[in-house]
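What follows is a short report on a single structure.
The values are calculated or read from the model by the stated rules, or taken from the named source; none is laboratory data. Computed from a predicted model, the values in this text were never measured in an experiment. Here Cβ is always computed from backbone atoms with ideal geometry, including for glycine, and neighbour counts include all displayed protein chains.
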2 protein chains.
Amino acid sequence: MVVNELKFPRLDLENINAYARRMNDELKDGKIGYYHLPKFGEEIIPKIASLKGKFKKVVLIGVGGSSLGVKAIYEMLNLDCEMVFLDNLDPFSIEEKLANLVFDESLFILSSKSGTTIEPISIYKIILAKFNPKTYENFIVITDPQSKLEEYAKLHNITVFNIPKNVGGRFSVLSAIGLVPLGICGGDVSALLDGANACKKHFMDGKDDTILQKAYHYATHPNAKINVLFSYSDRLKSFNDWYVQLWAESLGKKRGYKRVGLTPVGLVGSKDQHSFLQLIMEGVKDKTVTFITLKNHAPSLKVPNLTLENLSGCDFVNELSLDAVFNAQANSTMQALLSENISIDTINLDSLDEWHIGWFIYYYELLTSATGIMLGINTYDQPGVEVGKRILKNLLSKNKN
Amino acid sequence: MVVNELKFPRLDLENINAYARRMNDELKDGKIGYYHLPKFGEEIIPKIASLKGKFKKVVLIGVGGSSLGVKAIYEMLNLDCEMVFLDNLDPFSIEEKLANLVFDESLFILSSKSGTTIEPISIYKIILAKFNPKTYENFIVITDPQSKLEEYAKLHNITVFNIPKNVGGRFSVLSAIGLVPLGICGGDVSALLDGANACKKHFMDGKDDTILQKAYHYATHPNAKINVLFSYSDRLKSFNDWYVQLWAESLGKKRGYKRVGLTPVGLVGSKDQHSFLQLIMEGVKDKTVTFITLKNHAPSLKVPNLTLENLSGCDFVNELSLDAVFNAQANSTMQALLSENISIDTINLDSLDEWHIGWFIYYYELLTSATGIMLGINTYDQPGVEVGKRILKNLLSKNKN
């Protein structure tokens with residue numbers, strides 16, 4: 001079960017219904033592909049079955065939407081299979097990661113939606129030059145249908161998986177982008193899709209308006225400019241990173257001459273109580289906080305019944321399960337923030353298994369769509385990142401002449 | 001060399017001088033200890049010499065200010081020695097990390113400024129219960145002088161290092177907190193202190209007012225509410241986390257009835273160009289951006305001179321060193337942001353060695369102090385985090401009765 005509770009007032013507004021209709025229209029008109037992913041994904045499962053357990057390492061070459069969601073789910077599931085993420089052009093880390101690869105033991109997945117993103121293609125070239133492969137049996141390409149990269153891959157008999165063209169990069173983790181690497185690494189991809197489908201049904205049938213209420217609060221409340229995820233689990237760190245991209249790139253947009261946008265921040269509890277909490281408690285009131293908590297972590301671990309000389313003041317947690325202490329930390333932080341009238345809500349996951357993760361991922365995608373509709377922007381493009389790419393191309397092409 | 005260039009207008013203001021005098025007063029009155037750390041630290045070096053290389057792993061038990069700075073420097077230096085950070089109460093990760101420890105091969109460092117922080121003390125108890133040590137030879141305690149933890153440690157002949165009482169947790173990485181674990185792990189602690197001292201001399205002698213100019217911009221400019229570090233190196237990820245604590249906890253404060261504060265965000269380039277950049281480019285104009293770049297990463301790595309069929313559009317980076325492409329990405333992103341009139345500045349480090357890191361750490365501490373003075377707040381306390389701690393204690397003590 002995934003339970004989302006809003007600790008701020010719900011609105012009984014006619015326009016919540018109006019927004020619900022607009023979201024349903026968006027779903028029905030078929031132009032935004034991610035709404036329909038949970039039913040498409042099942043085609044992929046039989047195709048990857050033969051690859052499971054065949055390689056020691058899965059090397060994912062991809063940036064942004066091609067890696068963040070995969071890494072998020074990989075870390076939440078804590079899969080045994082080793083996945084290496086070549087997700088940055090940093091020369092130092094590329095050199096370090098490649099030094100530890102054995103070619104024959106590795107499956108290389110090159111993911112690029114457009115097929116021409118400069119980072120993954122350059123990293124792929126470095127890999128070709130380093131290993132000089134004779135065949136491309138341990139390569140997979142994931143890209144848009146008919147992209148230039150797909151044409152290249154077909155020339156070399158590289159297995160290709162497609163992302164539906166109308167699924168944006170940051171909404172693509174439940175397409176081949178995520179299902180292929182995670183499935184090969186042993187993740188239960190069907191359960192992931194089932195969870196996403198359950199979430200879709202739950203919120204899109206009109207009975208639970210929690211997502212719409214939350215989106216409305218974020219889109220309209222003057223104190224909701226920065227939206228903090230306070231995730232109480234180290235395994236949620238990369239989920240935070242995925243959320244940051246989804247939220248920032250979807251909702252930071254020009255609407256005519258006006259700049260709109262909500263700023264995402266990802267924190268990990270309980271440790272960031274010692275970092276960012278002071279700012280939320282006493283700083284400018286411009287933040288909402290969503291607490292993500294898990295029912296179970298490592299249920300057998302307890303604080304031992306030890307009294308250290310001079311330190312009996314720390315004994316109030318003795319004999320408690322660490323799970324109980326950890327979740328009580330989340331609770332008390334929540335209460336502290338409520339005492340300052342900060343807008344908060346809580347999402348509690350029974351478990352970090354595939355079903356719950358599918359639900360959780362889809363929840364955030366729907367929340368992003370709902371918020372975008374209410375802000376009156378195009379949630380699905382990213383015109384602002386193209387400028388820098390053009391400047392880069394000019395800069396480097398000039399240097400070479 | 002560390003070069004900081006401001007790309008926004010400097011002010012020729014009498015009150016910059018006034019702030020410089022107030023900062024000098026703060027330095028001279030001796031109440032804020034971190035200003036004086038670079039000269040204190042040298043006492044520690046001979047004491048840790050005998051511990052170098054004696055243990056396979058250094059296990060640091062500490063949260064917030066007791067771990068963030070150490071982790072930041074450890075990752076920037078890329079030290080060979082393995083350091084394990086028990087920096088969160090997450091039961092799952094504690095169980096996982098402890099499962100991989102061999103007691104006799106590990107040096108355990110328990111760091112807690114107050115000596116009574118519930119997380120490290122509880123983790124320490126779990127370690128005692130798990131390994132049941134007969135002697136405490138492979139334990140070190142770092143804490144305030146005369147804390148209850150120091151008294152406990154002395155009873156068991158555990159080696160103790162002190163943090164000067166007037167050095168705040170988040171300003172303490174150049175005290176025993178950082179020097180002991182980093183020195184034992186093979187870091188050149190003297191060079192770290194030399195770099196910090198050089199930075200102190202450079203900015204506190206009144207000749208370079210860059211820090212004051214930047215602080216003034218942040219404290220007064222209406223578009224400077226969120227301060228982004230865009231760090232172009234994977235090795236700077238934990239530095240970002242250290243900065244987030246330093247900035248958020250120092251500058252988020254109530255000033256009488258007014259809430260003030262600046263919100264820190266840490267990004268890693270070039271990958272976060274595919275994540276957060278869109279929001280800075282087109283979202284609400286409330287962000288400043290500092291680009292952190294390194295002169296050298298892995299100088300030998302090049303993009304091979306390969307043309308892939310159908311993908312010649314990606315060839316403009318062929319034959320370039322990856323260093324050049326990576327730094328050009330930083331440059332072009334910077335130019336894109338300048339075209340939108342975003343306030344940016346750049347910090348370029350010649351190298352990620354101890355001297356430059358010492359300089360860099362100290363630079364951010366001074367910047368934080370300067371900004372705090374201009375905001376008119378107490379930079380060095382954190383009253384807002386105490387509320388949650390009290391609630392936790394009540395909650396758990398009640399549950400047990």
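Scanning region B:124-149 for residues that are surrounded by fewer than 22 Cβ atoms within 10 Å (Cβ to Cβ) and hydroxyl-bearing (Ser, Thr, Tyr) yields a count of 2. Of all residues in region A:98-109, none satisfies being more than 21 Å from A:ILE32 (Cβ to Cβ), within 14 Å of chain B (Cβ to nearest Cβ) and of a type in the set (Val, Ile, Thr). Looking at region B:241-261, which of its residues are more than 15 Å from the chain's Cα centre (by Cα) and more than 8 Å from every other protein chain (Cβ to nearest Cβ)? Answer for region B:241-261, where residues must be more than 15 Å from the chain's Cα centre (by Cα) and more than 8 Å from every other protein chain (Cβ to nearest Cβ): B:ARG255, B:GLY256, B:TYR257, B:LYS258.
Here's the yes/no breakdown for (1) at positive phi; (2) in a loop (DSSP other than H, G, I, E, B); (3) of a type in the set (D, E, K, R):
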| position | (1), (2), (3) |
| --- | --- |
| A:THR346 | no, no, no |
| A:HIS356 | no, no, no |
| A:TYR363 | no, no, no |
| A:LEU366 | no, no, no |
| A:THR379 | no, yes, no |
| A:GLU386 | no, no, yes |
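Only a single item in (1) among the hydroxyl-bearing types (Ser, Thr, Tyr); (2) more than 8 Å from every other protein chain (Cβ to nearest Cβ); (3) under 18 Å from B:ILE292 (Cα atoms) is not met by B:TYR232, and it is number (2).
Is region B:304-321 home to any residue that is away from chain A (no Cβ under 11 Å) and either touching a Leu at 6+ places or on another chain (Cβ under 9 Å) or modelled with pLDDT of 95 or more (or both)? No: region B:304-321 contains no residue that is away from chain A (no Cβ under 11 Å) and either touching a Leu at 6+ places or on another chain (Cβ under 9 Å) or modelled with pLDDT of 95 or more (or both).
Here is a yes/no grid of residues against (1) among the aromatic types (Phe, Trp, Tyr); (2) facing chain B (nearest Cβ under 9 Å); (3) under 22 Å from A:GLY33 (Cβ atoms); (4) in contact with a Pro (Cβ under 6 Å, 6 or more places away or on another chain):
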site: A:SER332; (1), (2), (3), (4): no, yes, no, no
site: A:ILE347; (1), (2), (3), (4): no, no, no, no
site: A:PRO383; (1), (2), (3), (4): no, yes, yes, no
site: A:ASN394; (1), (2), (3), (4): no, yes, no, no
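Exactly one residue among B:LEU367, B:LEU392, B:LEU320 is outside the structural domain of B:VAL265 (by TED's automatic domain parsing) and surrounded by 16 or more Cβ atoms within 10 Å (Cβ to Cβ), and that residue is B:LEU392.
For A:GLY256, all conditions in the list (1) at pLDDT below 95; (2) closer than 30 Å to B:TYR257 by Cβ hold save one; what is the number of the exception? Status for A:GLY256: all satisfied but (2).
Just one of the listed residues (B:TRP247, B:TRP242) is in contact with a Pro (Cβ under 6 Å, 6 or more places away or on another chain) and not β-branched (Val, Ile, Thr), and it is B:TRP247. The condition of being crowded, with 19+ Cβ neighbours inside 10 Å, touching a Cys at 6+ places or on another chain (Cβ under 9 Å), touching a residue at least 60 places away in the same chain (Cβ under 8 Å) and not hydroxyl-bearing (Ser, Thr, Tyr) holds for only one of B:TRP355, B:TRP359, that being B:TRP359.
Condition check for A:LYS54 on (1) in contact with a Leu (Cβ under 6 Å, 6 or more places away or on another chain); (2) at pLDDT below 95: one failure, at (1). Taking (1) farther than 27 Å from A:GLY195 by Cβ; (2) surrounded by fewer than 23 Cβ atoms within 10 Å (Cβ to Cβ) in turn, A:ASP80 satisfies each apart from (1).
All of (1) surrounded by 24 or more Cβ atoms within 10 Å (Cβ to Cβ); (2) touching a residue at least 24 places away in the same chain (Cβ under 8 Å) hold for A:PRO91 with one exception: (2).
Looking only at region B:234-253, residues that are farther than 16 Å from B:ILE361 by Cα and surrounded by fewer than 24 Cβ atoms within 10 Å (Cβ to Cβ) come to 1 in all. Among the residues here, A:LEU229 qualifies as in a strand (DSSP E or B), of a type in the set (A, V, I, L, M) and modelled with pLDDT of 95 or more. Of the residues B:GLY186, B:GLY178, the single one that is away from chain A (no Cβ under 14 Å) and on the phi > 0 side of the Ramachandran plot is B:GLY186.
Quick check: is even one residue across region A:209-221 among the polar types (S, T, N, Q), part of a loop (DSSP other than H, G, I, E, B) and at pLDDT 95 or above? Taking every residue of region A:209-221 in turn, none turns out to be among the polar types (S, T, N, Q), part of a loop (DSSP other than H, G, I, E, B) and at pLDDT 95 or above.
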